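Notes follow once the structure below has been shown.
The values are calculated or read from the model by the stated rules, or taken from the named source; none is laboratory data. Just so you know, these numbers come straight off a predicted model, no measurement behind them.
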Amino acid sequence: MEVLKTFLLNENGELKFFSKLLLAGGLLIVSFLIVRVIQKVILKSIKKRFTSLHGPEGKRFQTLISLVESLTKTFILIIWFFASLSIFGIDAKGLVATAGIGGLAIGLAAKTFIEDFISGIFILAENVFNIGDYVSIAGKEGVVVDVALRITTIRDFNGELHTIPNNLIKIVTNRSKNIQRAMVEVSISYESDLERAKEVLTKGLAEKFDGAKSVIEAPVLQAPVELMDSGVLLRVVAYAVPGEQWRIEREMREEIKNILDRNNIEIPYNKMDINLKTDKNA
C-alpha cells in the first residue's frame, strides 16, 4: 500500500502529474463505456420495442434515437472535460478569462457548437426531415443516414457520404414528404396513329396502375406535349407515395414500351441512311 502511495502521491500527499493523467484517462475510458452501455443496452432495447413502426413514424423515431445518442455522447464528454480540469486543479472560468486569443477561439467554437445544436433541435422539432428521407441540402442530394447533435449526414447515389453542419442547413428540399410526382416522357413517330396511341396507352396504364400499391393517383396521359424533330412527344404523369416515385417511373417506362410494341406503334430513334454508289466503269 505504501509503495502505491509513493508511486501516486508526491511529498505533500497530492497526486503526481502522471497520476492525474492516469485518472483523467481512466475517467475517459469509463465515459466511453457508459456511452456504449447506453447505446447497446438502453437505446437498443428501446429500438426493439418500436420495431413495428414504419413509414413516417418509423423514420422520425430513428431520427430521435440518433439525436439522443449524439446528445448523450456530447453530454458525457463535457462532464469528463470539466472533471479532468478539476483533477488538474484548473479553474475553467479563469482559464477562459485569461486565455486571450485562445479564449476567443474557444468562444467562437462554442458559438458554432451552440448554433449547430439549436439547428439540430429545430430540425427535429419542426420535422424538417428524418433518417431515410431523400433530400437536397446545401447543394448535396441524397438519403439522410444520420442526424446528430451538430451534423447531418447524407449518402448520394454514388454512395459518397456528405457531412453538413446543422447551422448551414437553411433551405431543404424533401422529396420524401407528401405526395411525389412520377413522370415519363416518350415520343411516337409521325407515321404512327396519335389517337390510337392515346387510346391504348390510357387503357393499358389504367389496367396496370389503378389501385396499385404506392400509387396515389393513377397515370394520366398528356398528349401531345410537343412536336419534335423526330416525333410527337407524349407525357404520362402519376402521383406516388414519397420515396416510391422512382420505382413507379421505372414501371411506367416498361409498361409504355410494352403497350406500344404490342400495338405496333413506333418509338422514333436516330437512323443513318447509307447510299452505296457503284462504279459504272468497273
- Note on the structure: Restricting the stretch 147-157 to residues that are within 17 Å of residue 119 (Cα to Cα) and part of a loop (DSSP other than H, G, I, E, B), the one nearest to the chain's Cα centre (by Cα) turns out to be 148
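Name the one entry in 144, 135, 186 that is of a type in the set (Val, Ile, Thr), in the same structural domain as residue 209 (by TED's automatic domain parsing) and assigned to a strand (DSSP E or B).
Numbers: 144 fails: in the same structural domain as residue 209 (by TED's automatic domain parsing); 135 fails: in the same structural domain as residue 209 (by TED's automatic domain parsing).
The conditions single out 186.
Would you mind finding the one in 100, 120 that is small (Gly, Ala, Ser), in the same structural domain as residue 31 (by TED's automatic domain parsing) and at pLDDT below 70? Lay out the reasoning, then the answer.
Numbers: 120 fails: at pLDDT below 70.
When all the criteria are applied, what remains is 100.
Just give me the residues in the stretch 212-263 being assigned to a helix (DSSP H, G or I) and either on the phi > 0 side of the Ramachandran plot or within 28 Å of the chain's Cα centre (by Cα) (or both), in sequence order.
Of everything in the stretch 212-263, those that are assigned to a helix (DSSP H, G or I) and either on the phi > 0 side of the Ramachandran plot or within 28 Å of the chain's Cα centre (by Cα) (or both) turn out to be 245, 246, 247, 248, 249, 250, 251, 252, 253.
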